[in-house]
1. Output the residues belonging to segment 146-175 that are more than 14 Å from Gly115 (Cβ to Cβ) and outside any loop (DSSP other than H, G, I, E, B).
2. Being without any contact (Cβ under 8 Å) to a residue 24 or more places away in the chain and part of a loop (DSSP other than H, G, I, E, B) is true for just one of Asp183, Asp178. Which residue is that?
3. For segment 32-112, which helices (runs of 4 or more DSSP H) that fit wholly inside it have 3 or more residues that are surrounded by 11 or more Cβ atoms within 10 Å (Cβ to Cβ), in contact with a helix residue (DSSP H, G or I) (Cβ under 7 Å, 6 or more places away or on another chain) and modelled with pLDDT of 75 or more?
Amino acid sequence: SSCRNKKSQNKTQISFFSARRSPGTSPSPPIYRSLRTSARLPADILLLLLLAGDNMSTLAAARADNFYYPPEWSPKKGGLNKFHGQHALRERARKLDQGILIIRFEMPFNVWCGGCSSMIGKGVRFNAEKKQVGNYYSTKIWSFSMKSPCCQHEIVIHTDPKNTEYVIISGAQRKTEDFDVEDAETLLLPADEGSDT
């Protein structure tokens with residue numbers, strides 16, 4: 001009877017894996033085909049492997065996530081970045097000794113390129129070099145220098161903490177987008193001069 005139970009258990013495992021694929025779909029990946037044919041594993045282990053599927057961790061994924069500790073590492077050698085002799089930000093920190101950090105910068109407004117007069121739209125992203133160029137009281141003034149995507153012309157933008165604005169220093173010109181109140185068919189609200197709020 002125990003032999004009969006094992007055979008019926010194997011049939012249920014095979015039928016379970018067959019039922020996972022709906023008609024008209026592509027054949028199962030090799031891992032599922034090999035699991036279907038190997039009826040030696042218990043059903044709960046097979047189910048676990050099926051649910052893990054493509055999410056099974058690999059050594060490459062572990063290294064990419066910085067969770068891989070090589071055999072020669074020990075806690076006395078510090079963290080993994082110190083052990084490998086690299087910064088946590090990798091390539092983005094290659095100019096950190098000069099006070100420059102590479103960041104993703106998004107153009108805050110529409111500008112005209114100073115090199116080829118092409119328009120660079122608001123929201124276009126750049127790999128920009130960020131560095132501190134001064135202070136406004138205790139607030140740092142940052143400089144962002146980047147290459148334009150059209151002609152590789154250098155654009156430099158500074159923060160303006162006093163006016164809570166960005167200022168183009170060189171390489172581009174801000175597109176003026178003023179409008180007339182009558183043309184826009186809107187109302188001009190008077191400035192409230194009495195209150196400071």
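The values are calculated or read from the model by the stated rules, or taken from the named source; none is laboratory data. This structure is a prediction, so every number in the text was calculated from the model and none was measured. Here the Cβ positions follow ideal geometry from the backbone for every residue, glycine too, while neighbour counts run over all protein chains shown.
1. Listed by number, the residues that qualify are Ile157, His158, Thr159, Asp160, Glu165, Tyr166, Val167, Ile169, Arg174.
2. Residue meeting the stated conditions: Asp178.
3. Details: elements: 43-52, 59-64, 80-84.
In segment 32-112, there are no helices (runs of 4 or more DSSP H) which contain 3 or more residues that are surrounded by 11 or more Cβ atoms within 10 Å (Cβ to Cβ), in contact with a helix residue (DSSP H, G or I) (Cβ under 7 Å, 6 or more places away or on another chain) and modelled with pLDDT of 75 or more.
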